[in-house]
1. Please go through the range A:51-91 and give me each residue that is more than 14 Å from chain B (Cβ to nearest Cβ), assigned to a loop (DSSP other than H, G, I, E, B) and within 22 Å of the chain's Cα centre (by Cα), ordered by number.
2. Return yes when B:Val96 is aliphatic (A, V, I, L, M), assigned by TED's automatic domain parsing to the domain that holds B:Gly49 and in a strand (DSSP E or B) and no when it is not.
3. Restricted to the range B:4-18, and to residues that are facing another protein chain (nearest Cβ under 7 Å) and either farther than 12 Å from A:Phe252 by Cβ or over 36 Å from the mean Cα position of the chain (by Cα) (or both), which residue is surrounded by the fewest Cβ atoms within 10 Å (Cβ to Cβ)?
4. Is it true that some residue in the range A:150-165 is under 19 Å from A:Ile276 (Cα atoms) and within 11 Å of the chain's Cα centre (by Cα)?
5. Answer yes or no: is there a residue in the range A:220-229 that is modelled with pLDDT of 95 or more and of a type in the set (Ser, Thr, Tyr).
6. Provide a single number: the residues in the range A:77-107 that are surrounded by fewer than 22 Cβ atoms within 10 Å (Cβ to Cβ) and farther than 25 Å from A:Tyr34 by Cα.
7. Working only within the range A:288-313, note down all residues that are under 17 Å from A:Val254 (Cα atoms) and hydroxyl-bearing (Ser, Thr, Tyr).
8. Please verify whether the range A:119-141 includes one or more residues that are assigned to a helix (DSSP H, G or I), more than 12 Å from chain B (Cβ to nearest Cβ), within 13 Å of the chain's Cα centre (by Cα) and more than 15 Å from A:Arg298 (Cβ to Cβ).
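The values are calculated or read from the model by the stated rules, or taken from the named source; none is laboratory data. Keep in mind it's a predicted model, so treat the numbers as computed, not measured. With ideal geometry, Cβ positions are generated from the backbone for all residues, glycine too; neighbour counts draw on all protein chains shown.
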Amino acid sequence: MWTKTEYLGLLKSHKVDILFIIFIISFTAYFYSYVSISAIPTSDGAEYLNNARSWLYDTPISSAYRAQLISWIIAGIWQITGENWLIIKYVIPVFTLGAGIILYLLLRKHKGNLFAFGVSTLTLLNPHLFFWGTYIMTESLSLFFIVLSLYFIKSEKQSHWFLAGISIGLTFASRYSTLIEVMTIFVVECIIRKDRKFATRTIMSATPIIIGTIFIVYLKVGYFVGAQPSDTHFTFLLTPYYLQNSLNIWGFAVLLVPVAFLFRRTYKAKYNYTFIAWFIVSLLFWSANSNPILHLPRYTVQFTPAVYFLAILAIENISKINIVRKSFHRIGIVFSDEVK
Amino acid sequence: MIGVILLILTISAVGAISEIENQQHAHKIFYNYKFIPAIVNISDLVPQGSSVVVSHTHSYLKYFIPHKIIKIPNTISSEKSLLYYMVKNNLTYLLVYDNRHYFPVNPLFSDTGLKNLRNDYKQIANYVIDDKTKFQLYQLNKNWRF
């Protein structure tokens, strides 16, 4: 039996974790209140439902260029429950919540719980991630697998590297274009680690999943395409769309991103490189698409955690400047690490 | 640091709620409870085994209508050619899906175009979902033969 002091001590040492649990519970209630009021799936969502039906009843696939993992998940659920799109409406948004929780666990281990709290809550509160996350869309599913891949990639356990590969493969299966983002994370981590075992184990488990995904689609459809031809035109003349709309997409926190790049500390910690590369490569990739129809805020969902990581990193860096600490001392604010 | 993070979070949360509401307004069709019942009612009017010729092969129609869906070929641009196509292929039901949230109206199914259709087709259902979305089911008059 715990004493009152032990109990209070535990609460004190885990206050940010408790705050995060309270946030997740309230967020889930609010998030699902939005899920419940939607009356129809999105048109993309209806395509995934159509594809799921095709896999379930072995009929021709209506849109073969779409990533199939979401349809396999739907078909799997329907095998148990029977075909009902309302069940799927409530199941797919779970991946949005899952992404936020894994992100917290990942950053808590390496950057501290306060940092993790900032990045995870800002990510979950992003309006575009929130809105599209409430629907049967691949946005939340692929974000979940990117974050899961990152979790395993950043792990020191060798068994996790094998799981990282599986997760990379599933990221590809969930949304083909996200392979670029997850491969960026993997390549940067390979460069940082310089560990052949890490690279081999991850590649060994990722390759069969990626090839398997392509092969299953090929067997069913007779060909494999990763996107519609109209969606694959790229240009060196980058669109300023995402920069011009950055405030609308990520809110005021995005103003802190350039600040993060001004600090030497940002480049000293190798841990940050993955997030910097994830942000830059994704932004360049989506900005290089020449089709204006594809300039949409929802395509930023897959690298939104990297944006907020850099924003919180800027705050962390600012808080470590001595002059700032002294100014805060003068007005009576003491930083948590100083209390320790 | 916790104070700054909480401040940013509060500002973000307030901004997020208003942006989510904007998104909801921009996609208000997702919250329209008339949509699916209208498609289901239309499906009930078409006998089992009959095919439905549709103005657009939208994913919604493919998913919610249990009948075989046939998209009007791109070569058809007039009411006469549509009529010829349907009679020749022994097709009776035509579903006009006018959704200006997603696509511009086909001239063949504009208000004037639909008036012309009424000479050879009988309208058997008309569902107005919102100011931009309509479903109209037509049945070809039985006396048509080439």
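1. Matches in the range A:51-91: A:Ala67, A:Gln68.
2. Working: aliphatic (A, V, I, L, M): yes; assigned by TED's automatic domain parsing to the domain that holds B:Gly49: yes; in a strand (DSSP E or B): yes.
Spelling it out, B:Val96 is indeed aliphatic (A, V, I, L, M), assigned by TED's automatic domain parsing to the domain that holds B:Gly49 and in a strand (DSSP E or B).
3. Of the range B:4-18, the ones facing another protein chain (nearest Cβ under 7 Å) are B:4-5, B:8-9, B:11-13, B:15-16.
Retained after the next criterion (residues that are either farther than 12 Å from A:Phe252 by Cβ or over 36 Å from the mean Cα position of the chain (by Cα) (or both)): B:4-5, B:8-9, B:11-12.
Working: B:Val4: 16, B:Ile5: 23, B:Ile8: 22, B:Leu9: 18, B:Ile11: 13, B:Ser12: 22.
Taking the candidates together, the pick is B:Ile11.
4. Quick first cut of the range A:150-165, residues under 19 Å from A:Ile276 (Cα atoms) only: A:150-155.
Of the ones still in play, those that are also within 11 Å of the chain's Cα centre (by Cα) are A:150-151.
Within the range A:150-165 (the criterion being under 19 Å from A:Ile276 (Cα atoms) and within 11 Å of the chain's Cα centre (by Cα)), the answer is yes, since at least one residue qualifies.
5. Going residue by residue through the range A:220-229, those that are modelled with pLDDT of 95 or more are none.
No, the range A:220-229 contains no residue that is modelled with pLDDT of 95 or more and of a type in the set (Ser, Thr, Tyr).
6. Within the range A:77-107, residues that are surrounded by fewer than 22 Cβ atoms within 10 Å (Cβ to Cβ) and farther than 25 Å from A:Tyr34 by Cα number 3.
7. A:Tyr299, A:Thr300, A:Thr304, A:Tyr308
8. Taking the range A:119-141 as the starting set, the residues that turn out to be assigned to a helix (DSSP H, G or I) are A:119-124, A:127-133, A:138-141.
Retained after the next criterion (residues that are more than 12 Å from chain B (Cβ to nearest Cβ)): A:138-141.
So of that shortlist, the ones also within 13 Å of the chain's Cα centre (by Cα) come out as A:138-141.
Cutting the leftovers down to more than 15 Å from A:Arg298 (Cβ to Cβ) gives us none.
No: zero hits.
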